[in-house]
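Before any comments, here is the structure.
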Amino acid sequence: DQGLRGEGEVVGVGDTGVDYDGCFFHDESTPVPTCRGLGVVGACTNMNHRKIVSYRAYAFTDTSDYAFGHGTHVSGSVAGAAVSSDAEETAYASQHNGMAPNAKLAIDDLGSGEALEVPSDLEANLFRHSYEEAGARVHTNSWGYVNYPLYDSEAASVDEWVYGHDDSVVLFAAGNDGPWDFSVSEPATAKNILAVGASENAREIFEEYGVLQPFLNVTSAFNTSSNSNTLLLPSERAMPFIPALFGAFDPLGAWGGTVTVAEPLDACLPLDNALQINGTIALVQRGTCFFTEKALHAQQAGAIAVVVFNNDGSNTLTTMSGDDVGITIPAVFIADSDGLRLHSWVTWGVVTAELPVFPESDFANQRTNLASFSSRGPTYDNRMKPDVLCPGSVIRSAGSDGNLNTHQCDASANELFSSVHDLQGTSMATPLCAGAAALTRQYYREG
């Protein structure tokens, strides 16, 4: 322990916003300075706030974060430091403080609800405000253009900024389109930044959380047109998932059977193919309605389990919330690419799967392993990417309840009112590396 906690450092965060009344950010005596506008917005900084010294939104964004929000989690991983009037809450939440807990944050709120809108000209309208107004020399960005692995105008804009401000470190998430090569998405394809990939978390962390990473294991995929089994690579068979907060998931139990695609795919109405769904695992896509509605419609159709896959073009895993006691089947959430691959296999023929399956190898769940979902290089001009790895598998950090008036800090995880939530992806790895960058800068600055 070298006594480095991020003192004197400010980190810029471009994300969906922050639920800043939570105990990782709240300051009893000093309000968060907020403003709107492009470029550098004046009178929008208060260095006396214990955590958020500037909160800049845009005309097209809100000034908070949504429930189970992405930006709150990211900001907590950088520099969250839990403080509550309740000693038990403080003791629990502070176990999950950020990498640089004594650093401060300058927020660029790019979010409107769950949607992310990025301003044009990143050099002028994203990085400059936190750099000039708040003194941020590290800027972290857990976003990118999915399935766009090129070097284009956005990446060039980032490179121009760093070239002109060589005391600035900018980080971007590499993306969640692994395990495929050439899958790092812009702007992480930029040359003067740190593109962050995700390593696995340590097995002891999963054991401590009670969430040792389970997998949906595809046991066979029979192609009826070719009358043969599809050759499945090990990385394709094992699909990481997070169980829902509702339903009958039992980590010590096991379910297996044929996978059937729900009709309609979002399962927001009673299923048209209930006869086919009966006795099988229902595959459902995220979107349009609540997770509990999807699971209930699958259950009513006779499904033995429901697998929901993401719909936003990313491989980020999220925890499905809800408390419908009428749901008695297990429900799990898998990544977008895994869900689309599973969907295509079912379209070709007959697919069987089982869950949960836990990795038994001594090499599973190791910090030194690249997570299967993490995008990887090279770039199309043959540069090595990602530049650095930080843990991105089931990361526990600051939670958002979507309400700026509740001061949530409950000594629990993954409930709406909890102090912390678990998320997964290179989005979660990037702020950990950003916090580490702040500590490194502090070390060299102080000598």
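The values are calculated or read from the model by the stated rules, or taken from the named source; none is laboratory data. Source: prediction; values computed, not measured. Cβ atoms come from the backbone with ideal geometry, glycine included; neighbour counts cover every protein chain shown. All accessible areas refer to the heavy atoms of the entire protein, side chains included, with ligands and DNA or RNA removed. Shrake-Rupley method; radii C 1.70, N 1.55, O 1.52, S 1.80 Å.
Mind listing just one residue for me: the one in region 277-295 that is in contact with a Gly (Cβ under 6 Å, 6 or more places away or on another chain) and of a type in the set (S, T, N, Q) and, of those, farthest from Ala244 (Cα to Cα)? The qualifying residue farthest from Ala244 (Cα to Cα) is Asn278. The single residue among Trp180, Trp161 that is in contact (Cβ under 8 Å) with a residue 24 or more places away in the chain, open to solvent by less than 10 Å² (accessible area, probe 1.4 Å) and not small (Gly, Ala, Ser) turns out to be Trp161. Listed by position, the helices (runs of 4 or more DSSP H) inside region 262-357 whose residues that are open to solvent by less than 20 Å² (accessible area, probe 1.4 Å) and on the phi < 0 side of the Ramachandran plot number at least 2 are 291-300, 336-348. In this structure, Asn97 qualifies as under 23 Å from Cys23 (Cβ atoms) and among the polar types (S, T, N, Q).
Residues that are surrounded by fewer than 21 Cβ atoms within 10 Å (Cβ to Cβ) and within 30 Å of Ala371 (Cα to Cα) occur at least once in region 117-131.
Picking from residues in region 187-203 that are open to solvent by 10 Å² or more (accessible area, probe 1.4 Å) and not in a loop (DSSP other than H, G, I, E, B), the one that is farthest from Tyr444 (Cα to Cα) is Arg203.
Beta carbons closer than 7 Å, at least 6 apart along the sequence or on distinct chains, pair a first residue in region 72-100 that is within 12 Å of Phe24 (Cβ to Cβ) and free of Cβ contacts under 8 Å to residues at least 60 places away in the same chain with a second that is open to solvent by less than 40 Å² (accessible area, probe 1.4 Å) and among the aromatic types (Phe, Trp, Tyr) for Ala81/Phe24. Number of residues in region 104-116 that are open to solvent by 10 Å² or more (accessible area, probe 1.4 Å) and among the small types (Gly, Ala, Ser) equals 3. Going through (1) farther than 23 Å from Glu415 by Cβ; (2) at pLDDT below 95; (3) open to solvent by less than 10 Å² (accessible area, probe 1.4 Å) one by one, Ala79 falls short only on (2). If you go through region 143-158 and keep only what is crowded, with 19+ Cβ neighbours inside 10 Å and at pLDDT 90 or above, you end up with Trp143, Gly144, Glu154, Ala155, Ser157, Val158. What number of residues within region 21-61 satisfy the criterion of being farther than 16 Å from Val83 by Cα and in a strand (DSSP E or B)? Result for region 21-61: 8. Scanning region 171-188 for residues that are more than 18 Å from Gly14 (Cβ to Cβ) and of a type in the set (Phe, Trp, Tyr) gives Trp180, Phe182.
Scanning region 32-76 for residues that are small (Gly, Ala, Ser) and surrounded by fewer than 21 Cβ atoms within 10 Å (Cβ to Cβ) gives Gly37, Gly39, Gly42, Ala43, Ala59, Ala67.
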